[in-house]
Every structure is written in C-alpha cells, then in structure tokens.
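Report on the following structure.
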Amino acid sequence: LRAALLQPQLVLEDRYELRAPDRLFLSTAAAEALGLAKGDSLSLIAGSRVVQFKVAGVLSSLRGVTALTDVATAQWRFGRLGQLNRIDVRLRPGAARNEVLKDIANFLPPGVHAIPLESLEEASAYPSRSYRVNLNVLAMVALFTGGFLVFSAQALEVARRRGEHALLRVLGLQRKQISSLVLKEAAVLGAIGAALGLVLGYGLALVAVRAAGADLGAGVFRGVSAEISFSPASAVAYFLAGIVVALLGAVLPALDAARTPPARALKAGDEQTLFRRIAPWWPGIALLVAGAALAQLGPVRGLPLFGYASVACLLIGSIALVPAIAELVFHHLPLPRYPPLRLALSQLRAAPGQAAVSLAAIVASFSLMAAMAIMVASFRQSVDDWLASVLPAELYFRTTHAGDTGILDPGFEARVRTLPQVARADFLRSGRILLDPARPPLVLIARDRAENAFPVLGPRHERRAGDPPAVWVSEAVSDLYGFSPGQRLELPILGKNHAVLVAGVFRDYARQHGAILIDRSDYIRLTGDRVVNDGALWLGPGFTLADTIAALSALPGGAQLDIGEPGEIREISLRIFDRSFAVTYAMEAVAVLVGLFGLSSSLGAIVLARRREFGVLRHLGLTRAQIRGMLAAEGGLLALVGSAAGLAAGAA
C-alpha cells in the first residue's frame, strides 16, 4: 500500500490480489518470455526448493523480465523472514535531504549506506559503463577510418581534375577560391553521406537490437527490454560529425590544388606529382614517442582516456611515416626484367604522392584491425588459461544462476559429502559486499581451500600469530581501492565489521567489478552462515561422471541443480566471451572493407588520370593483359607495404 506513494507507476487496479500468499504480477516482457497470462501458475526455484505462484496479472509499467509481489510474501516463500535488500525513503516537503541522510546513517549497520537517488543511478549505470564507452570508441574508430577513405577519394579526385582547377585559376579564381571549391564539394558529399549513414545506422541498430538484445548479445543488460529511440540532438551531432570528417579528409587535397601553379598543372602528366613533397620524418616520430609516453599514464575517473589518446598518436604517427618508408622501400627494390612489373615499380617510384594517398586508408584500417584482433585473441587466450587453472575438479554444480534465493542448506552439503561417488568436495558461498555506494557492490566469495582457488599475482603476505583472518582481493579491487598484501581492513559482512588481513591479489575474469575471497572456515566462524551456492567434486575410484551426476540428482533438491563438467563450463564461458566481442569482430570487418575501398577508389582514380599513358603503352606494344598486370602489381605492392605497416602499427 505504501508503494503507491514512492512508485506511482506500480499502482495496481487490483492491488488487493497481493494479499494472497501466492500471488504475483509479471511484466509484459516476462509474460511474453514465459508464455504466461493472468491465472496461470509460475514455478520459481529457491535453492533446492520449487515455489509455486499464481499470476495475478500483467503490468506494462514493470521494466524488463520482472515479477512483483508483496514483500511479506517474498520473505516468507523464499525463506528470508525479516530480511530486506533496500529501503526507499520519500522526504516530507521542506526536509533537508543531507541532514536526513546523516540521521539515517547513524543507526544503519556496517555495510548499509544511505545515499541519494543520483548516487544510486550512477552506481546502477556503472556496470555497463565500460561496454558503452568502448562501443562509442569503436564508433569513433569507424569515423576515423572513414576520414581516410574520404581523404584518398578526394585526393585522387583533385588529381583527376588538376587541369580543370588550373583552367579556373587562369580564368581568374584565386587560390583561396580553389581550396574553398574543393572543401565545399567535400562538405556536400559529407552531408549526403552523413544523412544516408543516419538512416542506415538507425536501421541497422533496430535490426541488431531486435536480433541480439540491448547489449548486442554480450550479456551485459540481462532482462532488459530494448527499445530504439530517435534523439534529434544526437542525430544532428552525428550529421555534423560526418561533415567535419569529410572536410578534414579534404584539407590536404584542397591545399595541394590551391598551391599548384596553373602552367604546371595544365601539362600532361602533372597529376603524377600529387603530394610530391613527402612529409618529413620528425612529426611521425614525435607522435610515436608521445603515444608511448601516454600509454604509461593511469586512468581518469576510471576511464583509459590517455590510452585512447596513445592509440590515436600511434596510429596517426604511423600513417605520417608510411609515405617516407614506402618511398624508401620502393627505391631499394630491384627493378624486375618483366615489363609490367618493371613499369609498376617505376610508377610507384616516380609518383610517391599517389602511393601515399593509397596507403593512408590501408594503414589506418589494417592497423586497427590488427590491434583489435591481437587484443581480443590475447584476452581470450588469457581467459582460457585462467579457466584451466580455476576448474581443477571433475564435476561442478550450482543453484539457480543469480539472486539471494540461490542457496543450499547445510544438510544438502552433508549429504553430498557422504556420497560414495565423491572422494572430495569443496563448497563455495558467494554474496555481495558494498564498500563504496558510488560503485557497484563487490562479490564476497567464501570458499573451501581458498588460498589455492585462484591464481595469485605478485607477493603473498606471510601470516603471523595473532593476525586476523586472511582475505585475497581480485585485481579489480586492488586497482579501485588500492588494497595490497599485508594491509589490514574492516569488512562489513552481514551487518558487522570484521578485521581481516589482505594476504594477496588474485586474477579473476568472472567478476568484472571485483571480488574478495575468504576461506570458508573463517567466514563461518565470523558469521555463522553455513549455506552454500556452488560445489566442486572429485570422483572416487571406479566411479564415472554419469554415476556421480545420477547420485547428485537423486538427492532431495538435486533435480534443481545446474550440473556441468569443466570442459562444458569452459566452452560456455568462451562462447559468452565471443558473444561479448562480436561487435569487435564486426568492426574488424568494417575496417578491412574501408581499407579495400580506399585502395580500390584511389587506384580507380589513378587509372582515370593515366588514360593517355596507357594509350602510349599500347601503342608501344603492351597488351591489355600486360597493362592489367602492371596495375595489379602496383596495387599488390601498395597493399603489401600498407598491410605490413598496418600490422606493425596495430601490434604497437
């Protein structure tokens, strides 16, 4: 009844249905996912028990895959009498919020925090922040590589129209007007491309979200119904970004068109001198040094901003150096005797500017592709190695995937230990612990033989007589909170502060926001809590996995367990990993396509500009096949140098 005052959207027309001890309401998404309607029965797993509810109705105001019931019903049916997760408070008009927060905090137990709504919303958004930030960075990568595609296309278009621009200069146009003409053309093309990109982008987003969910299949936003909403402000920003990128890509071609003397530009073959002056070495080297220096700096408010700046410096520096490197390579390659190959290499030596234009898009796309491929592959291998070290048992089981009701009572643990098929059993209890209300909760893991449960990094603290219980913190906790081996802490566990000692830092890829590990015997001694969530089993001699699974499932409540072998768990985990990085693989494909489009468009423009040259070569006796071979050799040499440079830059 009080809920209506705090959450008006949850006001029910037939709210009195909730007085019955087995009634709940489903969200629209939950009803659709489960295929249930008003009056149907719903079975929920609470540890080793199955609890039956009756659907009292469907609420459109509930978000995600959600069910709503009375708090007393939930406490009773799930065995959590007297326990709450959160209390919502609405202040009287005129009350000073900060003062009320202080007053409430005075009588809250350790580990419970009174925080304003904004802090709660910030903490709720934190788990998905890295995913959202990286998606935005990938979008910037696509825009960046697109800028080089614009550059190569505009540069070769300027080369093709060199005579036209020279004629306009002769007729009275000034240098500024020529460069303005090129930039305006680029702006118009950028506007058309940005408009088409907006339509295509929203269409692709709609298809992707409907097919893979709000997180594109990564599993970050579980139980969230995805909706694509059109934001006019964002659309305008994206539109302007497309125009700006097109203008930036056309700046150098515009300057080259304006600086070329008309008399020289009107001569046949002058397009070969495009960007004749190769950029000096020092800007590229300076950018590479800056990239290496920025990579050493730490995060800003949890975001690797200097890391992103480092990537940009390394990428732009590599692209700035590649033309000079390509010229050096082409001049040191021996001229082959086969006429098409000899002509191709001679052309690349004589027109380094055109080679630079073709190489820019290739280096940009291949370096980003290589960087993402190396990063994902190394991370995947690390996760695979980590799984091999943390899954030493022969069989694993757990209760329901998540939630406070996924527990097994001590009696179940005792029955498992007495099974003849089990030679050894380790159990685990996991819960949440909140150290900072502005950050997501940490996972508290109480595990048998905790010291060897995870790979420990760096030094271990040797315990001494009189030391408090030992805990191990994950890398994320060590980074976020600065905990180190030998440090004493006060941990709020189940409403009480307990003194503990950090024994070491362990590697954990399963819990993104951090975990604290404690030996289960110490946890039971501190809290008296003997329930468990997970178990790991080693088989007795002469017994098979099938025997053990059958014996485990035959126990009271065993049918509700999720049982798996190490290989199966590893396969599922890596499948989740691949799904999480699916968008990265898509971006790699986009990067390769951009590079190929850049190469094909630049070579196409070169072909158009060199038609008279091809006519002379045909007149001198070259066949069509030989001219095709010459162009293929030029493209192949450019692709080889560009991809090699891109791989080196990507590795960096």
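Derivation of every value follows stated rules applied to the coordinates shown; laboratory data play no part. Note that the structure is a prediction, hence the values are computed from the model and not measured. As a convention, Cβ positions derive from the backbone with ideal geometry for all residues, glycine included, and neighbour counts pool all protein chains shown.
Once the mean 1/r over all distinct Cα pairs of the chain is inverted, what Kirkwood radius in angstroms do you read off?
30.2
Just the Cα atoms of region 496-556: what Rg and Dmax do they give in Å?
Here Rg and the maximum Cα pair distance are 16.8, 47 Å.
Return one number: the angle in degrees, 0 to 90 and rounded to the nearest 10, between the long axis of the Cα atoms of helix 129-160 and the longest principal axis of the Cα atoms of the chain.
On a 0 to 90 degree scale, this one is about 10.
Per 10 Å bin, what percent of the C-alpha pairs of region 62-128 does each bin hold, from zero upward?
15, 35, 38, 12
Please identify every one of the trypsin sites (Lys or Arg not before Pro) in region 297-396 that sits in a loop by DSSP and has no more than 13 other beta carbons within 10 Å of its own beta carbon.
Loop-located and lightly packed - ARG301, ARG337.
Could you work out Rg/(2.2 N^0.38 Å) for region 99-206, with Rg from alpha carbons only?
Expressed relative to 2.2 N^0.38 Å, the Cα Rg reads 2.07.
Using Cα positions and a limit of under 13 Å, work out the aspartates and glutamates in reach of LYS176, with same-chain residues fewer than 8 apart set aside.
Once the sequence-local aspartates and glutamates are set aside, what remains near LYS176 is ASP256.
Once the principal axes of the Cα atoms of region 507-652 are found, what is the range along each, listed largest first in whole angstroms?
93, 37, 25
For region 1-159, count the residues as N, evaluate 2.2 N^0.38 Å, and divide the Cα radius of gyration by that value, please.
1.60
Please give the direction-averaged projected area of the C-alpha convex hull for region 407-551, in square nanometres with one decimal.
10.0
Report, to one decimal in Å, the Kirkwood hydrodynamic radius for region 6-81 based on all distinct Cα pairs.
About 12.7 Å, per the Kirkwood formula over Cα pairs.
With +1 on each Lys and Arg Cβ and -1 on each Asp and Glu Cβ, and nothing else charged, work out how big the dipole of region 299-434 is about its Cα centre, in Debye to the nearest 20.
That gives a dipole near 280 debye.
Could you state the principal axis extents of the C-alpha atoms in region 278-425, from the largest down, to the nearest angstrom?
84, 45, 21
Across region 605-652, how large is the tail of the calculated P(r) beyond 11 Å, expressed as a percent of all Cα pairs?
Considering region 605-652, 72 percent of its Cα-Cα pairs are separated by more than 11 Å.
In terms of Cα to Cα distance under 19 Å, which aspartates and glutamates are near enough to LYS54, apart from those fewer than 8 places away along the same chain?
The qualifying aspartates and glutamates are GLU13, ASP14, GLU17, ASP22, GLU32, ASP40, ASP70.
Could you give me the ³J(HN,Hα) list for region 543-556, computed from phi with Karplus coefficients 6.51, -1.76, 1.60 and θ = phi - 60°, whole Hz, x at Gly and Pro?
With coefficients 6.51, -1.76 and 1.60, one gets 9, 9, 4, 4, 4, 5, 4, 5, 5, 5, 5, 7, 5, x Hz.
Go from 0 up to the bin containing the longest alpha carbon distance in region 89-135, width 5 Å each, and give me the % of pairs per bin.
All Cα pairs, binned at 5 Å, distribute as 4, 18, 19, 20, 14, 10, 8, 6, 1 percent.
Tilt of helix 582-609 relative to the longest C-alpha principal axis of the chain, in degrees (0 to 90, nearest 10)?
Taking the Cα atoms of the chain, the angle to 582-609 is about 10 degrees.
Only helical DSSP H runs with n ≥ 4 go in: add -39500 (n - 2.57) per run for the chain, normalise by residue count and round the 222 nm mean residue ellipticity to 500 deg cm²/dmol.
Calculated mean residue ellipticity at 222 nm is -18000 deg cm²/dmol.
If you wrap a convex hull around the C-alpha atoms of region 464-515 and split its volume per residue, what is the figure in Å³?
Roughly 82 Å³ of hull volume per residue.
For region 354-434, what mean projected area does the convex hull of the alpha carbons give, in nm²?
For region 354-434, the mean projected area of the Cα convex hull comes to 9.9 nm².
Hey, could you get me the Stokes-Einstein D for region 388-459, Kirkwood radius over alpha-carbon pairs, 37 °C and 0.692 mPa s, rounded to whole µm² s⁻¹?
Translational diffusion coefficient: 223 µm²/s.
Which net charge results when you count Lys and Arg as +1 and Asp and Glu as -1 among the other residues whose beta-carbon is under 12 Å from that of TYR523?
Within the 12 Å Cβ shell, the charges total +1.
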